[in-house]
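Colleague: Handing you a structure now.
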Amino acid sequence: MKKIFYIIIVGLLFLASCENSLDLYPLSQATSETWYSSETEIQLALNDQYDPSFWTQDEDLDKGNAYLSDDGIFRNIATPIKLGTVTSQWATSTNLWQKCYAAIALANRALLALNSNETKAQIPEATLDKYIAEARFFRAAQYSKLIWHFGDAVYLDHVATIDEAFTIGRTDKNVILQKIYEDFDAAVSALPLSYSASEVKRVTKGAAYALKARVALYMGDFATAAQAAKACIDLGIYQLYPDYSTLFLSATKDNIEEIFALPISVALSIGNHPDYRNIITRNVSGYGAFDPDWNLMNCYLCTDGLPIDESPLYDPKNPWKNRDPRCKATIVEIGTEHLGYIYDPNPYAMTVLEVATGKMVENQDNRAIKQQASYNGLVTKKGVDMTYVGVSPTSEPDQVIIRYADVLIMYAEAKTELGQIDQSVFDAVNSVRARAYKVPLAATTLYPAITSTDQTKLRLAIRLERRMELAMEGLRYMDIVRWRLASKVLTRPIYGLLDPAILKAKVVDKGLWFFPGIPDIDEDGVSDFSAMEAAGTIKKLVVCNWNDRQYLWPIPTAEIQINHNMKQNPGY
């Protein structure tokens, strides 16, 4: 990972010299600049593709209002996605469109230079093939994001002329998908399996297989998804990191589970840094504003493998007890130490223990003291440690684009959708679950192994496994879109705690703290809080109003205005 870190430093320096041209709209800018032909300069051009701004996950796209999905909340504020108010001028979709095409333009220009006679005369064929493969990998990755979000898109596999930029229309997404496959296949054929300690660490065969599996799965091409995921697995070079609870920390970055990741540097302002103060608690001078949603909290199965509304092990007064270990690893358990303090949002907990001093101090994570403390009582633990704390946070976890657990679950999902349910499916998904319990795959008496061969039941089990494993990693939004669950998930209210005085009277004083009831969990693993709302024991924070037109994002207004051949998606 240190080698990729070097790539990003050099790439950003190069980007700074090109700032003006990158600020121009990629489909409307001149494309006549001369590209370099030496190996060093070609490397510099490809380094630009590692710019972290090209690799944001969905939940990172709307930082101001955070969380497009039901993984988390930002107080009582919601994104236009949740409110159903997305328009063709929505900055989030416009920014994604622009960033994707900026990266595609860089890849196409690099390919133009790499295929020139001048370049071929100076760079050995094997080296040249590797650089071409890398450029095609990046182009495929960016087109993947475009067709997920926008459907049909403008397809360019060459450097466009200005006339083309103003007249070219959209290409069918399925045609683009085949082009994406061709690029990923070319990348697989020429990219190395891995890099030695002395080499610059760049993208690999495994990354190409993994991202090919992702785009195929998202587009419903389960045969290709299963094949690509299996190819990645069969490389035999990736493993599940043994401890899920520490997997996402700075101390464990560049680990055996990462297939493609980018580094973060606080000192050099490189990478998509965690939003430290919004994530950490108020007792350590954070805001406690970006928090796990109650829907996420309720998705974690009990240790008997049953959902909370079916398991006799579930206790709403202690909802972390007898739950899948990833629940405690993702969401801070009330009454336990977190960032040096006992975390307790109970309205009666006016003071809490400061662990280092052994003293009781004012509890700023209690909304009776600090109104802007967590609106639903939950705060994030996944990936959060003391490096998040202080005037100058030092947390530098890797920005993981894809990891091995994701590939295993994708393989299981694709095979299940194909009706090819065999032992390899169970081994793939149960390996992930067994790791969470820190037991071997074969120790099925020590964790609730998935065993059902019924396709419908297995589908739900795998989807729940995916949610528990990949929570708050920026992937949930695309899952509820491709599963067509956004119409259900994002039309239900977002709930939180009652205001402190009412919370005391209606919940705490009646012995109903923390959760004042057990919600029904439906066939898609989605919680129904309506009974608790009717009882007046929880508060409605946001009324969500997802609009089905948002299954496809709008083409930016500027594109429609400058190009009469550019057609808008329905409903915008």
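The values are calculated or read from the model by the stated rules, or taken from the named source; none is laboratory data. Note that the structure is a prediction, hence the values are computed from the model and not measured. Every residue, glycine as well, gets a Cβ built from its backbone with ideal geometry; the counts of neighbours run over all protein chains shown.
Colleague: Among the residues of segment 367-392, write down those that are among the aromatic types (F, W, Y) and either out of contact with any Phe, Trp or Tyr (no Cβ under 6 Å at 6 or more places or on another chain) or part of a loop (DSSP other than H, G, I, E, B) (or both).
Modeller: Within segment 367-392, just Y375 meets the criteria.
Colleague: Right, next: When the residues of segment 297-319 are narrowed to those that are touching a Phe, Trp or Tyr at 6+ places or on another chain (Cβ under 9 Å) and part of a helix (DSSP H, G or I), which ends up nearest to L378 (Cα to Cα)?
Modeller: M297
Colleague: Which residue, of P500, P493, P448, P440, is out of contact with any helix residue (DSSP H, G or I) (no Cβ under 6 Å at 6 or more places or on another chain), closer than 30 Å to V425 by Cα and surrounded by 14 or more Cβ atoms within 10 Å (Cβ to Cβ)?
Modeller: So the residue among P500, P493, P448, P440 that is out of contact with any helix residue (DSSP H, G or I) (no Cβ under 6 Å at 6 or more places or on another chain), closer than 30 Å to V425 by Cα and surrounded by 14 or more Cβ atoms within 10 Å (Cβ to Cβ) is P448.
Colleague: Right, next: If we keep just the residues of segment 286-325 that are hydrophobic (A, V, I, L, M, F, W, C) and under 19 Å from the mean Cα position of the chain (by Cα), which is surrounded by the fewest Cβ atoms within 10 Å (Cβ to Cβ)?
Modeller: The selected residue is A289.
Colleague: Kindly indicate the residue of segment 251-269 that is in contact with a Pro (Cβ under 7 Å, 6 or more places away or on another chain) and surrounded by 21 or more Cβ atoms within 10 Å (Cβ to Cβ) and also farthest from E469 (Cα to Cα) among those meeting that condition.
Modeller: If we take residues in segment 251-269 being in contact with a Pro (Cβ under 7 Å, 6 or more places away or on another chain) and surrounded by 21 or more Cβ atoms within 10 Å (Cβ to Cβ), then I264 is farthest from E469 (Cα to Cα).
Colleague: For the list (1) touching a helix residue (DSSP H, G or I) at 6+ places or on another chain (Cβ under 7 Å); (2) more than 23 Å from V439 (Cα to Cα), I need the number of the one condition that L240 fails.
Modeller: (2)
Colleague: Hey, among the residues in segment 379-434 that are in contact with a strand residue (DSSP E or B) (Cβ under 9 Å, 6 or more places away or on another chain) and hydroxyl-bearing (S, T, Y), which one's farthest from V203 (Cα to Cα)?
Modeller: Once the filter is applied, the top-ranked residue is T380.
Colleague: When you check N283 against the structure, is it polar (S, T, N, Q) and either assigned to a loop (DSSP other than H, G, I, E, B) or surrounded by fewer than 24 Cβ atoms within 10 Å (Cβ to Cβ) (or both), yes or no?
Modeller: In short, no.
Colleague: Which residues, taken from segment 265-279, are assigned to a loop (DSSP other than H, G, I, E, B) and out of contact with any helix residue (DSSP H, G or I) (no Cβ under 8 Å at 6 or more places or on another chain)?
Modeller: Correct list: V266, A267, S269, H273, D275.
Colleague: Select, from I147, I81, I104, I77, the only residue that is under 22 Å from T56 (Cα atoms) and surrounded by fewer than 18 Cβ atoms within 10 Å (Cβ to Cβ).
Modeller: Every option except I77 fails the conditions.
Colleague: What pairs can you find where one residue is in segment 121-133 and under 22 Å from D157 (Cβ atoms), the other is part of a helix (DSSP H, G or I) and among the basic types (K, R), and their Cβ atoms are less than 8 Å apart, with a gap of 6+ or different chains?
Modeller: Note: pairs meeting the criteria are L128/K120.
Colleague: Another question, if that's okay. Check whether at least one residue in segment 96-103 is more than 25 Å from the chain's Cα centre (by Cα) and in the same structural domain as N174 (by TED's automatic domain parsing), and report yes or no.
Modeller: No, there is no match, as no residue in segment 96-103 is more than 25 Å from the chain's Cα centre (by Cα) and in the same structural domain as N174 (by TED's automatic domain parsing).
Colleague: Can you confirm whether segment 194-210 contains a residue that is farther than 28 Å from A558 by Cα, aliphatic (A, V, I, L, M) and modelled with pLDDT under 95?
Modeller: Yes, some residue in segment 194-210 is farther than 28 Å from A558 by Cα, aliphatic (A, V, I, L, M) and modelled with pLDDT under 95.
Colleague: Give segment 326-348 a look and list any residue that's under 16 Å from V284 (Cβ atoms) and buried (at least 16 other Cβ atoms within 10 Å of the Cβ), or say none.
Modeller: Result: V332, H338, L339, Y341, I342, Y343, D344, P345.
Colleague: Just to check your reading of the model, which residue among K130, K120 is of a type outside the set (D, E) and touching a Pro at 6+ places or on another chain (Cβ under 9 Å)?
Modeller: K130
Colleague: While we're here: May I ask you to list the residues in segment 512-539 that are assigned to a loop (DSSP other than H, G, I, E, B), free of Cβ contacts under 8 Å to residues at least 40 places away in the same chain and under 16 Å from D70 (Cα atoms)?
Modeller: Once the filter is applied, which keeps residues that are assigned to a loop (DSSP other than H, G, I, E, B), free of Cβ contacts under 8 Å to residues at least 40 places away in the same chain and under 16 Å from D70 (Cα atoms), segment 512-539 yields only D522.
Colleague: Out of all the residues in segment 238-246, is one or more touching a residue at least 60 places away in the same chain (Cβ under 8 Å) and β-branched (V, I, T)?
Modeller: no
Colleague: On to the next question. How many residues does segment 519-537 contain that are in contact with a helix residue (DSSP H, G or I) (Cβ under 9 Å, 6 or more places away or on another chain) and not charged (D, E, K, R)?
Modeller: Count: 9.
Colleague: Just to be sure I understand, how many residues within segment 446-464 are small (G, A, S) and under 26 Å from the mean Cα position of the chain (by Cα)?
Modeller: 2
Colleague: Just checking, how many residues over segment 346-380 are in contact with a Gly (Cβ under 6 Å, 6 or more places away or on another chain) and either under 30 Å from R433 (Cα atoms) or of a type in the set (V, I, T) (or both)?
Modeller: 4
Colleague: If you check A368 against the conditions, is it surrounded by fewer than 21 Cβ atoms within 10 Å (Cβ to Cβ), closer than 25 Å to I73 by Cα, at pLDDT 95 or above and not charged (D, E, K, R)?
Modeller: Yes, satisfied.
Colleague: Can you tell me which residues in segment 151-173 are closer than 16 Å to N569 by Cα and surrounded by fewer than 14 Cβ atoms within 10 Å (Cβ to Cβ)?
Modeller: G169, D172
Colleague: While we're on this one: Taking segment 286-296, which residues are in a loop (DSSP other than H, G, I, E, B) and in contact with a helix residue (DSSP H, G or I) (Cβ under 8 Å, 6 or more places away or on another chain)?
Modeller: Within segment 286-296, G286, Y287, G288, A289 meet the criteria.
Colleague: (1) under 24 Å from the mean Cα position of the chain (by Cα); (2) surrounded by 20 or more Cβ atoms within 10 Å (Cβ to Cβ): which one isn't true of F515, the others all being true?
Modeller: All conditions pass for F515, except number (1).
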